[in-house]
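The values are calculated or read from the model by the stated rules, or taken from the named source; none is laboratory data. Keep in mind it's a predicted model, so treat the numbers as computed, not measured. Please note: Cβ atoms are built from the backbone with ideal geometry, for glycine as well, and neighbour counts cover all protein chains shown.
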Amino acid sequence: METIDEARAVLRANIDKGMKCPCCTQMVKMYRRPMSAGMAVALIAIHRAAPAGAWVDVKTIDVRGGDYAKLRYWGLLEMYPQTPDQATRHAGLWRVTDKGRLFVTGALSVPKYARVFDERPKGLVGSPVDIKQALGTKFNYQELMGC
């Protein structure tokens, strides 16, 4: 390759399967993140932990792993905004969005996959899934919701 434009064209053509950038050797890939049962369980737990619009410290509830953070790609969960005086990215506070509450209660379906590049969402694709489909057969929706 001789120009930056040529390198960009090669990267665009290979972004879904991934490749090392010919200029800087960084891995460049568009990831397809699926909505998972673990994410759905975490969203329900955060939903149940606080009233609509309230922030939840995820360290105080039973949310395992960090996959819950990916729910932001679907617009179902949001992270507390960082302030200039914070030493860390955020304070561990998250809240379920209005869209997330609709999803949890079964009133909304979302595409199964989020396309993600460099930790930023680049669109949603795939067949729509509702909360029960996202949970799969391993989890009981009524039990998780406390119904």
Might you let me know whether region 57-64 holds any residue that is farther than 25 Å from Ser127 by Cα, crowded, with 16+ Cβ neighbours inside 10 Å and either touching a strand residue (DSSP E or B) at 6+ places or on another chain (Cβ under 6 Å) or without any contact (Cβ under 8 Å) to a residue 12 or more places away in the chain (or both)? yes
So, of the residues in region 96-137 that are assigned to a strand (DSSP E or B) and of a type in the set (A, V, I, L, M, F, W, C), which turns out to be nearest to Pro51 (Cα to Cα)? Val96
Is it the case that some residue within region 55-75 is farther than 30 Å from Leu108 by Cα and among the polar types (S, T, N, Q)? no
Go through region 21-47 and report how many residues are charged (D, E, K, R) and either in contact with a strand residue (DSSP E or B) (Cβ under 6 Å, 6 or more places away or on another chain) or at pLDDT 90 or above (or both). 2
Could you say whether any residue in region 124-138 is at pLDDT below 90 and under 20 Å from Arg33 (Cβ atoms)? yes
Could you tell me which numbered condition Asp16 fails, if it satisfies all but one of (1) of a type outside the set (Lys, Arg); (2) at pLDDT below 90; (3) not assigned by TED's automatic domain parsing to the domain that holds Asp5? (3)
Suppose we keep only residues that are basic (Lys, Arg) and part of a loop (DSSP other than H, G, I, E, B) within region 1-54. Which one would you say is surrounded by the fewest Cβ atoms within 10 Å (Cβ to Cβ)? Lys17
